[in-house]
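The values are calculated or read from the model by the stated rules, or taken from the named source; none is laboratory data. Please read all numbers here as calculations on a predicted model, not as lab measurements. Cβ placement follows ideal geometry from the backbone for every residue including glycine, while neighbour counts extend to all protein chains displayed. Areas reflect the complete protein model, heavy atoms only, side chains present, ligands, DNA and RNA absent. Shrake-Rupley method; radii C 1.70, N 1.55, O 1.52, S 1.80 Å.
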Amino acid sequence: MNKETLKQNDLHIYWKLFTSMLTLSTFTFGGGFVIISLMQKRFVDELHWLTEEEVLDLTAIAQSAPGALAVNAAIIFGYRIRKLPGALAAVLGTIIPPITIISILSLFYQQFRDNRIVALALQVMRAGVAAVIFDVVITLIQNLIRTKQPVLLAVMILGFIASFFLQVSSILLILLCALIGLALSRSHTKKGGASV
Amino acid sequence: MIYLELFFCFFKIGLFSFGGGYAAMSLIQSQVVLGHHWLEMSEFADLITIAEMTPGPIAVNAATFVGQRLAGLPGALICTLGCITPSLIIVLLLSWLYCRYSNLDTVQGVLVGLRPAVIAMIASAGLTLLLLALFGSSDWHTLPLSDFREIECGLFVLCLFLLRRYKVSPILIIFGSGLAGTLVYLAAGLL
């Protein structure tokens, strides 16, 4: 491949990153993990730019940094895909929809806020958004089971109980599971087995 | 200089907001309503409602809203830039570290422990959203079981089936569920 087509290929990837995030961000109703689910489907299942493990790693890192999860995830996914320009393309795509929508709405937000059809559509839409997250979670759990490591499955179940029922903060959860992972890999190497 | 003030106010919000949108919201309230008096409390309540009704992170929505009110579109852009600048600096540094060191055994060990934790957090977010859809509340120990909504439940099952069986695009699912659900409610005369 000569230099010219290489450059074109790069531009094509930045553009695709930008437009992917632009579309996903436009439809991310209901919090940061919704866009993570959508990004997982887009970048792993459709484009094959990242592996599932990478998505989970990068999400953990994005969640432990300050700031909005969607913005952090866009930066770190974009960087992993195409370094600094990739990060900038992804983050730009992520923030343009909310800026545009809020800028327009701030002019007549009272009508929008009090519109019953809008409120109804947003309420029923949650069922669809929940289905998208469940779809991704089912795939992730299936693949976790396939690794045949019951310890990791136990970590997931305990993590879920901690997060959903006990409302343990995500930072604390990440910290605890990082320690568990470290302890697991240490015990494996001591036994002389392959690292986890 | 209002632009500088706006930038640094939202820079602070971006830098100190750990742990999701609602944590950011109380930080925004203390900065924007109590600290700078840029918004009245009633306007802030409107802001929360709108942020929940529109896509995008709450912090970015709030930054745009406040900036737009105080200094028009340039204000909106500057506030948003202020809000994401700490993320850009910190997350880019972490990205660089990940790409450089993720192959080290110790780092791999930590990451292996983190993956199930992330699945747990996504599952927890999904269940919260599902309960909100089905019962209008996500508080599991005081769930209003009598408020169960059959239409949303049917919609959820149908959407999940379409996603698993036919790999329908998630964007289409989200948009379609909003449209279909609204039509069903209107047809049933429940509005």
Taking region B:87-166, how much of its Cα-Cα pair set, in percent, is spaced more than 21 angstrom apart? 55 percent
Tell me: how much accessible area in total is hidden between B and A, 1.4 Å probe, Å², nearest 100? 8500 Å²
With label points built 7 Å along Cα→Cβ from the Cα atoms of B:D147 and A:Q167, find their separation and express it in nm. 1.6 nm
In debye, nearest 20: dipole of the protein assembly as shown around its Cα centre with unit charges on the Cβ of K, R (+) and D, E (-)? 1080 debye
If packing is taken as the average number of other Cβ atoms within 10 Å across a peptide's residues, how do B:92-100, A:55-63, B:114-122 rank, most packed first? B:114-122, A:55-63, B:92-100
Would you check the accessible area of A:L69, probe 1.4 Å, heavy atoms only, in square angstrom rounded to 10? 20 Å²
Given a 1.4 Å probe and the protein chains all in place, what does the accessible area of A:W49 round to, in Å² to the nearest 10? 70 Å²
Its Cα gyration tensor gives the protein assembly as shown an equivalent ellipsoid whose semi-axes in whole Å, largest first, are 32, 27, 21
Over chain A, what number does the Rg to Rh ratio reach, with both radii from the alpha-carbon atoms and Rh per Kirkwood? 1.03
Apply the Karplus curve 6.51 cos²θ - 1.76 cosθ + 1.60, θ = phi - 60°, to the phi angles in region A:136-151 and return the couplings in whole Hz, x for Gly and Pro. 5, 4, 4, 4, 4, 5, 4, 5, 5, 5, 4, 6, 6, 10, x, 4
Quick check: with the 1.4 Å probe, what order do A:F77, B:F16 take by accessible area, largest first? B:F16, A:F77
Convex hull of region B:2-101 built on C-alpha atoms - directionally averaged projected area, nm²: 6.5 nm²
Say we join alpha carbon atoms closer than 10 Å with springs in a Gaussian network model of chain A; which of A:N115, A:N143, A:N72 then has the biggest fluctuation? A:N115
In chain B, which helices (entire DSSP H runs) extend 20 Å or more along their own long axis, judged by Cα positions, while averaging at least 0.5 on the Kyte-Doolittle scale? B:2-16, B:58-101, B:105-135, B:150-166, B:170-187
Looking only at other chains, what is the average number of their beta-carbon atoms within 10 angstrom of each beta-carbon in B:6-18? 2
Mean per-residue count of partner chain Cβ within 10 Å for A:180-188 equals 5
Among the trypsin sites (Lys or Arg not before Pro) within region A:1-47, which fall in a DSSP loop and have no more than 12 other Cβ atoms within 10 Å of their own Cβ? none
With every protein chain in place, what's the accessible area of A:H188 (1.4 Å probe, Å², nearest 10)? 70 Å²
Order of exposure, largest accessible area first, which applies to B:T64, A:T139 with probe 1.4 Å: A:T139, B:T64
Suppose we take every Cα in region A:3-107 and form the convex hull; what volume per residue is that in Å³? 100 Å³
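Total Lys pairs in the protein assembly as shown closer than 18 Å by alpha-carbon, pairs eight or more apart in sequence or interchain only?
So the count works out to 5.
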Accessible area, probe 1.4 Å, largest first, for residues B:I78, A:I174: B:I78, A:I174
Translational D (Stokes-Einstein, µm²/s) of chain B at 10 °C and 1.306 mPa s when Rh comes from the Kirkwood sum over C-alpha pairs? 80 µm²/s
Kirkwood hydrodynamic radius, computed over distinct alpha-carbon pairs, for region A:108-173: how many Å, to one decimal? 14.9 Å
Report the charge-dipole magnitude of region B:92-191 in Debye, nearest 20, computed about the Cα centre from +1 at each Lys and Arg Cβ and -1 at each Asp and Glu Cβ. 420 debye
Ignore the peptide's own chain and count Cβ atoms of other chains within 10 Å of each Cβ in B:81-92; give me the average, rounded. 6
The percentage of the accessible area of region B:105-187 (probe 1.4 Å, all protein chains present) made up of carbon and sulfur atoms, to the nearest whole number, is 70 percent
